[in-house]
Amino acid sequence: MFENLQDRLGSILNGLTGRGALSEADVSAALREVRRALLEADVALDVVRSFTDRVREKAVGAEILKSIKPGQMVVKIVHDELIEMLGGEGVGIDLHAPAPVVVMMVGLQGSGKTTTTAKIAHRLSTREKKKVLMASLDTRRPAAQEQLRQLGAQASIDTLPVISGQSPTDIAARAVQAAKLGGHDVVILDTAGRTHIDEPLMVEMADIKKRSNPHEILLVADSLTGQDAVNLARNFDERVGITGLVLTRMDGDGRGGAALSMRAVTGKPIKLIGVGEKMSELEEFHPRRIADRILGMGDIVSLVERAAENIDAEKAAAMAAKMAKGKFDLDDLADQLRQMQKMGGMGGIMGMMPGMAGMKDKMAAAGLDDKLFGRQIAIIQSMTKAERANPDLLKHSRKKRIAAGSGTDAAAINKLLKMHRQMADMMKMMGGKGKGGMMKQMMSGLAGKMGLGGGMGGGMPDLSNIDPRQLEALQKQAEAAGLGKPGGGMPGLGGLSGGLPGLGGAKLPGLGGGFPGLPGLPKKK
């Protein structure tokens, strides 16, 4: 969502950090460009004005202009003010109230209220271990109540049985009563929407609020609607009183202005963001992490969290045992590709790695995209069990059959086999003798640079056991190690300008260019 803004701000701020000294005129010229970039991203004008005024006030002081690295100080000021504009600290859903805690969902029709209701219920039941009841108060939209019932069945969440003819306020009262009797911790009320704000809608919302006494009133807004979403939040807050915002479709290609404006305009925190269609694709909104992504500093904490959620610990242990023996077959390769897809694909992972956000276009030009992973998995799935375990069996006739089954050609199969062969050779080297193998040494080195001791036998820490406080500490340690600075890059990977080693040079085996694998490994002789 923030790609265009990220590119613009990145080039402006990189121009500042490259200079030895800054004059007041240099700062003013850069802030004019920042202002233009924010306005083009559809951020509200009054928000842009106050943002640039605050940055200018701090950036033109004598201590900044005379500091050793004034450009980096200006970047820090922009970063801090961006965090402030987005709300400072992340705020989650407040469940500190007598059970059942009533959460009321409001918003316009088509903003994704019903789906978001189910996502929140799924999140509370899986992460917080809460017993949740969902109730649809939408009696106008055809099959709205049936939609929520089906989503509840899909996610194993209780839904209030439908009684035809009841008014929304009566359904709300019945839902609260049913939650009390059923021993539910949380009851989520999915209210009706309209195509636009009107008086009957606001009256209905106020009546429901009076009958159900909600602890949280969350406004669901489509982030692709830009400034309309900001006006919507203002109107709902004045008439109903909202406690927080949920932005949907944050994975879209909108300009991101709504997300940047809403907190500043309404004073209400953005609590959650929808980043995809799946039930699990709902994330907490962390201002610092979003600011880091916008300024190309990466988001190590979210990447670690995503890895902890998606990486199967048992499979990872089995893979480590096979690697220690130097074994790596095509099933293992398919597992690796699937895990990368679950974590958001190459684009999603690169967007969170410090100094790597600008690499997406280069990777796409090199043919290294997520569709390629899908094709490679299809090729592997078209093989027999024996062929996956022993790729040497694949002669011309077998390749012809696999190409027909996967919708590819022999050249694509040969590229995949070449990639697997080189990766298998690498695994043999990593599983070598002495100090636990090269992979262990390399991961220990990276952990050392990030200030992370202990973990899995001196390597990286066990992601599944990291608590939120450790994750926040991890972000700070990464920044201190130079991983969170624009142009800092990952250790051994160069900065923004250098990017990944080998793009345009050495090639990822079988993929037609780019991404040579892991840094620090000796070249095969």
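The values are calculated or read from the model by the stated rules, or taken from the named source; none is laboratory data. This one's a predicted model, so the numbers in the text were calculated from it and none came from an experiment. A quick note on method: Cβ atoms are made from the backbone with ideal geometry, for glycine too, and the neighbour counts reach across all protein chains shown. When the accessible area is computed, the model is the full protein with side chains, heavy atoms only, and any ligands, DNA or RNA have been set aside. Shrake-Rupley method; radii C 1.70, N 1.55, O 1.52, S 1.80 Å.
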**Message:** With the structure loaded, tell me whether residue 296 is outside any strand (DSSP E or B), crowded, with 19+ Cβ neighbours inside 10 Å, modelled with pLDDT under 70 and in contact with a helix residue (DSSP H, G or I) (Cβ under 6 Å, 6 or more places away or on another chain) or whether it fails that test.
**Reply:** yes
**Residues being surrounded by 18 or more Cβ atoms within 10 Å (Cβ to Cβ) and not aromatic (Phe, Trp, Tyr) - total across the stretch 36-51** = 8
**Request:** Can you confirm whether the stretch 242-250 contains a residue that is part of a helix (DSSP H, G or I) and either out of contact with any Ser or Thr (no Cβ under 8 Å at 6 or more places or on another chain) or farther than 20 Å from residue 187 by Cβ (or both)?
**Result:** no
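Determine whether residue 169 is farther than 28 Å from residue 91 by Cα and outside any helix (DSSP H, G or I).
Against the criterion (farther than 28 Å from residue 91 by Cα and outside any helix (DSSP H, G or I)), residue 169 does not qualify.
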**Request:** Could you check the stretch 1-60 for helices (runs of 4 or more DSSP H) lying wholly inside it with 2 or more residues that are of a type in the set (Ser, Thr, Tyr)?
**Result:** 3-17, 45-59
**Item:** Evaluation of residue 117 against (1) surrounded by 21 or more Cβ atoms within 10 Å (Cβ to Cβ); (2) more than 26 Å from residue 269 (Cβ to Cβ); (3) of a type in the set (Ser, Thr, Tyr) (one fails), failing number
**Value:** (2)
**Message:** without any contact (Cβ under 8 Å) to a residue 40 or more places away in the chain and either in a loop (DSSP other than H, G, I, E, B) or surrounded by fewer than 16 Cβ atoms within 10 Å (Cβ to Cβ) (or both): which single residue out of 206, 192 fits that description?
**Reply:** 206
**Message:** Of the residues 154, 227, 150, only one is among the polar types (S, T, N, Q), under 30 Å from the mean Cα position of the chain (by Cα) and under 30 Å from residue 82 (Cα atoms); which?
**Reply:** 227
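How many residues, within the stretch 128-168, are over 17 Å from residue 103 (Cβ atoms) and open to solvent by less than 30 Å² (accessible area, probe 1.4 Å)?
So in the stretch 128-168, the residues over 17 Å from residue 103 (Cβ atoms) come out as 139-147, 149-150, 153-154, 156, 161-167.
Checking the rest, the ones that are also open to solvent by less than 30 Å² (accessible area, probe 1.4 Å) come to 144.
Number of matching residues: 1.
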**Prompt:** Looking at (1) modelled with pLDDT under 95; (2) touching a strand residue (DSSP E or B) at 6+ places or on another chain (Cβ under 6 Å), can you tell me which one residue 155 breaks?
**Reply:** (2)
**Message:** Show the residue pairs meeting these rules: Cβ distance below 9 Å; 6+ apart or different chains; first residue within the stretch 145-160 and acidic (Asp, Glu); second residue open to solvent by 70 Å² or more (accessible area, probe 1.4 Å).
**Reply:** 146/162; 158/131
**Message:** Which residue is modelled with the lowest pLDDT, if the candidates are limited to the stretch 13-54 and must be within 20 Å of residue 80 (Cβ to Cβ) and among the hydroxyl-bearing types (Ser, Thr, Tyr)?
**Reply:** 17
**Message:** Tell me yes or no: at least one residue of the stretch 92-105 is assigned to a helix (DSSP H, G or I), open to solvent by 20 Å² or more (accessible area, probe 1.4 Å) and touching a helix residue (DSSP H, G or I) at 6+ places or on another chain (Cβ under 9 Å).
**Reply:** no
